[in-house]
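The values are calculated or read from the model by the stated rules, or taken from the named source; none is laboratory data. These numbers were taken from a predicted model, which means no experiment stands behind them. Virtual Cβ from ideal backbone geometry, glycine too; neighbours counted across all protein chains shown.
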């Protein structure tokens with residue numbers, strides 16, 4: 001029975017830092033496998049691309065971004081869009097190539113491409129076998145020499 005290899009375990013985590021960070025509330029994500037890569041698409045509308053920070057440490061990928069608050073002195077009628085600093089963490093399994101992760105940001109969407117590591121890709125293993133048969137006759141001693149007296 002074949003089992004599907006999933007090198008991701010999603011982990012939304014609070015960060016212990018001076019500035020409060022919200023978890024994935026402001027960072028909804030789609031994650032899927034497309035052939036030999038995993039793709040994460042994270043919605044970050046209204047985020048300045050220069051505030052996006054992506055780190056990998058000890059198989060934990062951390063994404064941080066900031067959406068500035070509207071600082072004008074206004075009377076709010078409705079305020080539903082989250083602002084501030086947001087963070088999201090993904091725990092990466094052993095089967096991904098950490099040194100080959102790519103990131104791009106367009107139209108408010110951050111896209112991470114995380115390749116499957118070469119050693120984690122499925123492969124066939126050839127079985128070596130002999131097609132001929134080796135026979136040992138009674139006239140052969142342990143050294144392999146033929147006993148001429150028989």
So which residues in segment 105-126 are surrounded by fewer than 10 Cβ atoms within 10 Å (Cβ to Cβ) and either part of a loop (DSSP other than H, G, I, E, B) or touching a strand residue (DSSP E or B) at 6+ places or on another chain (Cβ under 6 Å) (or both)?
107, 122, 123, 124, 125, 126
Those residues of segment 63-78 which are at pLDDT 85 or above, in a loop (DSSP other than H, G, I, E, B) and within 19 Å of residue 108 (Cβ to Cβ), in sequence order
68
I'm trying to understand the selection: among the residues of segment 79-104, which are outside any strand (DSSP E or B), touching a helix residue (DSSP H, G or I) at 6+ places or on another chain (Cβ under 7 Å) and more than 30 Å from residue 121 (Cα to Cα)?
82
Against the definition (at pLDDT below 95 and within 24 Å of residue 120 (Cα to Cα)), how does residue 7 come out, yes or no?
yes
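So which residues in segment 44-62 are touching a strand residue (DSSP E or B) at 6+ places or on another chain (Cβ under 6 Å) and either outside any loop (DSSP other than H, G, I, E, B) or without any contact (Cβ under 8 Å) to a residue 40 or more places away in the chain (or both)?
49, 51, 53, 54, 55, 59, 60, 61, 62
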Contact list please: Cβ distance under 9 Å, first residue in segment 67-86 and free of Cβ contacts under 8 Å to residues at least 12 places away in the same chain and on the phi < 0 side of the Ramachandran plot, second residue outside any loop (DSSP other than H, G, I, E, B) and surrounded by 10 or more Cβ atoms within 10 Å (Cβ to Cβ), pairs at least six apart or on different chains.
none
